[in-house]
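To start, the structure itself, in C-alpha cells.
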Amino acid sequence: MKKILAILLFISFSFSASAQYIEGQETSTASGEIMTTIMVWNDRDEHGCIGSAWYTWSEEKGECVRPWEEEDFKICTMEYAPVCAQVQVQCIMAPCYPVAETFGNSCAAWDNPIIHTGECNSYLDMALYSKYEKLESKIYPKIEALNLLTLKKWVILIDKMIEQTKLMKMVQWALEKRITWLIFIKHLFEKEINNRK
C-alpha cells in the first residue's frame, strides 16, 4: 500500500511540476457565462511542438510528431552485436565519400548500409571501398555458387587474414588497401549468408 501511495505521489508531483498554467482571455458564451481559457502543458518549442506531450519537430514532414506513432519508428534492443556501417557525411565544398561508423547492433544502424559485422577497422579506406563496390557484379555470382558452410568458413578465414595483415610491417597505404579489399570481400560473403536466412 505504501509503495502504491508513493508512486501516486510521485506521478502527481511530476505532472504538477512540469505543467504550466496560464490564464488566457475571458470569453462569454451564448448563455452569457464568462469562461476563462486555461492552457496546460504550455512548453512549446520554436516550432510550436509541446515537449511535455512528447512531440518533436519533424523536418521531413514539417510538423510536430510523436516518433513512436510514425510508420518507420522502431525500438532497438541494447544487445551489443556491433556492425560497421556506411554513414554519408555532408560536405560543403565538394562531394565526399561516406565514413565507416560502428553501431551497437544492426537495428541501431537504421538505414545506413552495413559493411560487415563487428567493429569498424581503423584501416578501412571508404574511398577505396567505394571503388571496390563497382566490382561486386563480377565477383558476387561466384560467391552465390558456394554452399553455406563454405561461406561461413570464408568469413572466419577473412577475419584471420585481416588480423594477420595488421601485424605486417607495411606502409600505411598498403595496409589500408589490403584490409579494405578483405573487408569488401567479407561483406559479399556475409551478404550472401544473410540472403539465405
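Would you check which residues across the stretch 61-71 are part of a loop (DSSP other than H, G, I, E, B) and at pLDDT 80 or above and list them?
61, 62, 66 - these are the residues of the stretch 61-71 that are part of a loop (DSSP other than H, G, I, E, B) and at pLDDT 80 or above.
Select, from 79, 119, 101, the only residue that is closer than 23 Å to residue 173 by Cβ, within 22 Å of the chain's Cα centre (by Cα), of a type in the set (D, E, K, R) and part of a loop (DSSP other than H, G, I, E, B).
Only one candidate qualifies: 119.
When only residues in the stretch 137-196 that are of a type in the set (D, E, K, R) and assigned to a loop (DSSP other than H, G, I, E, B) count, which is nearest to residue 85 (Cα to Cα)?
Per the criteria, the residue is 196.
The values are calculated or read from the model by the stated rules, or taken from the named source; none is laboratory data. This is a predicted model, so every value here is computed, not measured. Backbone-built Cβ (ideal geometry, glycine too); neighbour counts: all protein chains shown.
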